[in-house]
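In what follows, a structure is listed as structure tokens, so that the remarks can point back to it.
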Amino acid sequence: MQRWQGRVAVVTGASAGIGAEIAKDLVKHGMKVVGIARRVERVEELKKELKGASGTLYPLQADVSKEEDVATAFKWVKDNLKGVDVLINNAGVASCSSLSEGPVKNWRTIMELNVLGLSMCTKEAIQSMKERGVDDGHIIHINSISGHGVPHNSEDLGIIFYSASKNAVTALTEGLRRELVLNKSRIKVTSLSPGTVRTEIIEASGIKIKGGLTPKQMYDQGPSLECEDISQGVLYVLGTPQHVQIHELTIKPVGEPF
């Protein structure tokens, strides 16, 4: 991680869970981290916790599902920090919905954030790197094991459309890799796919768990990961030699049955 000291990372969805943990660890490793979130006050609280760290956290409010917000956020990064070297596309939602019943607004929310938001941020980051001649940058998509097929319990949780969006992220990762190769770029792209992680996504997405269980009860029923486990995966990916690209990293808790 030494080569990243003093360089700029953008982390979307940095207000809680995996995004907050990644932002925190990158700051501790000496990076200038722009933590993007709608609930920016939570990123500001995180900044207070990191007082004395070798890097710096810059809280920035934006909704990355909105094109104008994305453009404004990356302009701020350019104007204040010159540009981005690492992008962590973490923001995502798993709004509960049914393929046969909808509601359609939930499908739109999922696609606008998980697919279009991720793609817009990626486009801005790649353009920023090209403008400054940065050829060792890194794009990391926080994907999901749901992005590699359809988990057996997706219909019970109403997350088949979510799974479809994450399968799109898998395809977008490979598509971007091929574009970068075609352009003789050495910018890396990685899909990082966690299994079950204890985060706030169930509550935030309004998912109803079968049997009326609370999220904590559901997590306690089987193996699960902590947000720090995923952040450690990000540090591993970023710490690889420049000739090594981790294209897909899947992290599952031991004993996960699906």
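Just so it is clear, none of the values below were taken in a lab; they were calculated from the coordinates. None of these values were measured; they are calculated from a predicted model. In this analysis, Cβ positions are derived from the backbone assuming ideal geometry, glycine residues included, and neighbour counts consider all displayed protein chains.
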Exercise for the section: Using only the alpha-carbon atoms of the chain, report the extent along each of the three principal axes, biggest first, to the nearest angstrom. Expected result: 52, 42, 36
Fill in the blank from the handout: At 37 °C in a medium of viscosity 0.692 mPa s, region 47-164 has a Stokes-Einstein diffusion coefficient, with Rh taken as the Kirkwood radius over alpha carbon pairs, in µm² per second, of 203
Handout entry: Neighbour net charge for V8 - beta-carbon separation under 9 angstrom, K R +1, D E -1
Key = +2
Handout entry: DSSP beta bridges in the chain [antiparallel fraction, %, rounded to 5]
Key = 5
Practice task
Give the value in nm², to one decimal: projected area of the alpha carbon convex hull of region 104-153, averaged over all directions.
Solution key: 4.7
Exercise for the section: Normalising by the residue count of the chain, find the relative contact order in percent from Cα pairs under 8 Å and 6+ residues apart. Expected result: 18
Practice task
Tabulate in residue order the Karplus-calculated ³J(HN,Hα) for region 229-242, using 6.51 cos²θ - 1.76 cosθ + 1.60 with θ = phi - 60°, rounded to whole Hz; enter x for Gly and Pro.
Solution key: 5, 6, 4, 4, x, 4, 4, 4, 4, 5, x, 6, x, 5
Practice task
Write down the percent of antiparallel bridges among all DSSP beta bridges whose residues are both part of region 1-143, to the nearest 5.
Solution key: 5
Practice task
Can you grab the distance from the C-alpha centre of region 74-108 to the C-alpha centre of region 18-71, Å, no decimals?
Solution key: 15
Fill in the blank from the handout: Helix 67-81: inclination vs the chain longest Cα principal axis, degrees, rounded to 10, gives 40
Exercise for the section: Name the residue, out of E67, E179, E44, whose mean-square fluctuation peaks in a Gaussian network model built on the chain with Cα pairs under 10 Å. Expected result: E179
Completion exercise
Once the dipole of the chain is set up from charges on Cβ (+1 Lys and Arg, -1 Asp and Glu), the residue from the list G158, M120, G137 lying farthest towards its positive end is G137
Completion exercise
Note, region 83-97: 3J(HN,Hα) by Karplus (6.51, -1.76, 1.60, θ = phi - 60°), whole Hz, Gly/Pro = x, goes x, 10, 10, 9, 10, 10, 7, 9, 4, x, 9, 10, 3, 5, 7
Completion exercise
Dividing the helical contributions, -39500 (n - 2.57) per DSSP H run of n ≥ 4, by the residues of the chain yields a 222 nm value, nearest 500 deg cm²/dmol, of -12500 deg cm²/dmol
Practice task
Could you run the Karplus curve 6.51 cos²θ - 1.76 cosθ + 1.60 with θ = phi - 60° over region 4-15 and give me ³J(HN,Hα) per residue in whole Hz, x for Gly and Pro?
Solution key: 8, 4, x, 9, 9, 10, 10, 10, 8, x, 8, 7
Handout entry: Principal-axis tilt of helix 118-131 within the chain, Cα atoms, nearest 10 degrees
Key = 10
Problem - Angle between the chain longest axis and helix 17-28 axis [Cα atoms, degrees, rounded to 10] - result: 20
Problem - Protection proxy ranking, peptides 82-94, 225-237, average beta carbon neighbours within 10 Å, highest first - result: 82-94, 225-237
